[in-house]
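As structure tokens, the structure follows; a few thoughts come after it.
The values are calculated or read from the model by the stated rules, or taken from the named source; none is laboratory data. Everything numeric here is computed off the predicted structure, so don't read it as measured data. Glycine gets a Cβ as well: all are built from the backbone with ideal geometry, and neighbour counts include every protein chain shown. Keep in mind that these areas ignore ligands, DNA and RNA; they rest on the heavy atoms of the full protein, side chains included. Shrake-Rupley method; radii C 1.70, N 1.55, O 1.52, S 1.80 Å.
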Amino acid sequence: MSKVAVVFWSGTGNTETMADKVAEGAKEAGAEVSVFSAEDFSADKVEEFDGLAFGCPAMGDEELEDTIFEPMYAACEPKLAGKKVGLFGSYGWGDGEWMRTWEENAKGAGVSLVADPVLCNEEPDDDAQAACQDLGKALA
Ligand SMILES: Cc1cc2nc3c(=O)[nH]c(=O)nc-3n(C[C@H](O)[C@H](O)[C@H](O)COP(=O)(O)O)c2cc1C
């Protein structure tokens, strides 16, 4: 059975809803799934998992949340080679720039994404929730 971690930061719950759906999809596909708030995950845990989904909304000016999520993810990134990785998150008034930057940087660091990042505007609607479940399945 593959082991999947879903690691997220969420200020108002939208990315948390996405994380729950990613976890649901991975479980449906047969994986053993652990869900972590960003503050409860650290780079030394990466090796325990076959697949990892990271979720963070657009914060700052088209940036990852910079006090908890970004330092945690930056420490994990060099250890993600050979892992199945997925990215997801919610945004507000922008056009998804934060996710394009995140995806580009991750790929540049040699991270292999199992699917396109899943992003949604504010609360995930039915289509976004289904896309999150598909991401979870791809990680399993
Ligand atoms: C401090 C702050 C900064 C934000 N910066 C952006 C931004 O640069 N671009 C954007 O599209 N949305 C931005 N947003 C909107 C959030 O990304 C959006 O509300 C998202 O749904 C929040 O997800 P969450 O419920 O998981 O926290 C910002 C929100 C806050 C509170």
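Look at the dipole of the chain built from charges on Cβ: of 105, 128, 5, the Cα furthest out on the positive end belongs to 5.
Could you work out Rg/(2.2 N^0.38 Å) for the range 101-140, with Rg from alpha carbons only?
Working: Rg = 11.6 Å, N = 40, 2.2 N^0.38 = 8.9 Å.
It is 1.29.
Assuming charge only on the beta carbon of Lys and Arg (+1) and of Asp and Glu (-1), the dipole of the range 3-139 about its Cα centre is about 680 debye to the nearest 20.
In the chain, the calculated helix contribution to ellipticity at 222 nm averages -11000 deg cm²/dmol per residue, counting -39,500 (n - 2.57) for every DSSP H run with n ≥ 4.
What the Cα convex hull of the range 1-67 gives, in volume per residue, is 81 Å³. For residue 137, the aspartates and glutamates whose Cα comes closer than 19 Å to its Cα, not counting residues fewer than 8 places off in the same chain, are 16, 20, 24, 28, 32, 48, 50, 116, 125, 126, 127. When 67, 12 are compared by accessible area at a 1.4 angstrom probe, the order from most to least is 12, 67.
Sort out for me the Cα centre separation of the range 53-103 from the range 1-44, rounded to whole Å. Between the Cα centre of the range 53-103 and that of the range 1-44, the gap is 14 Å. Per the Debye formula on identical point scatterers at the alpha carbon atoms of the chain, with no solvent, log10 I(q)/I(0) at q = 0.11, 0.17, 0.21, 0.22 Å⁻¹ is -0.32, -0.81, -1.32, -1.46. Placing unit charges on the Cβ atoms of the charged side chains and taking the dipole of the chain about its Cα centre, the candidate lying farthest along the positive direction among 57, 41, 118 is 41. Taking a ≥ b ≥ c as the square roots of the Cα gyration tensor eigenvalues, the range 57-130 comes out oblate, since a/c reaches at least 1.5 and a/b does not exceed b/c.
Sequence gap at least 6, Cα distance under 8 Å: using those rules, report the relative contact order of the chain to the nearest whole percent.
Numbers: 297 pairs, mean separation 46.2, N = 140.
Here the relative contact order equals 33 percent.
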